[in-house]
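Here's the structure we're looking at; comments come further down.
Taken together, the values in this text are just the output of simple stated rules run on the coordinates, not laboratory data. Bear in mind that the values here come from a model prediction, so they are computed numbers and not experimental data. Positions of Cβ are generated from backbone atoms using ideal geometry, with glycine treated the same way; all protein chains shown enter the neighbour counts.
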Amino acid sequence: MRWPVPLLVVVLGVAVFIVGGADDSPGLQGIGAALVGGAILLGLRAARRNRRR
């Protein structure tokens with residue numbers, strides 16, 4: 001996996017989290033947090049794979 005994909009997902013997750021906060025929607029904030037967390041995990045996993053090679 002390349003770096004731009006997790007970076008774009010983090011940006012999208014932060015945007016969703018902010019919109020959820022403005023709309024007072026805890027579910028939407030949870031989805032944003034899950035997107036950010038998942039993208040960070042995928043990015044770290046990709047970095048470990050590239051480091052081993």
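Assorted remarks:
- Inside the stretch 1-29, residues that are out of contact with any Phe, Trp or Tyr (no Cβ under 7 Å at 6 or more places or on another chain), in a helix (DSSP H, G or I), more than 19 Å from Gly43 (Cα to Cα) and not β-branched (Val, Ile, Thr) make up a count of 7.
Yes or no, residue by residue, for (1) touching a residue at least 24 places away in the same chain (Cβ under 8 Å); (2) surrounded by 13 or more Cβ atoms within 10 Å (Cβ to Cβ); (3) of a type in the set (S, T, N, Q):
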{"position": "Trp3", "(1), (2), (3)": "yes, no, no"}
{"position": "Ala15", "(1), (2), (3)": "no, no, no"}
{"position": "Gly21", "(1), (2), (3)": "no, yes, no"}
{"position": "Gly27", "(1), (2), (3)": "no, no, no"}
{"position": "Ile31", "(1), (2), (3)": "no, yes, no"}
{"position": "Ala34", "(1), (2), (3)": "no, yes, no"}
{"position": "Ala39", "(1), (2), (3)": "yes, yes, no"}
{"position": "Leu44", "(1), (2), (3)": "no, no, no"}
{"position": "Arg48", "(1), (2), (3)": "no, no, no"}
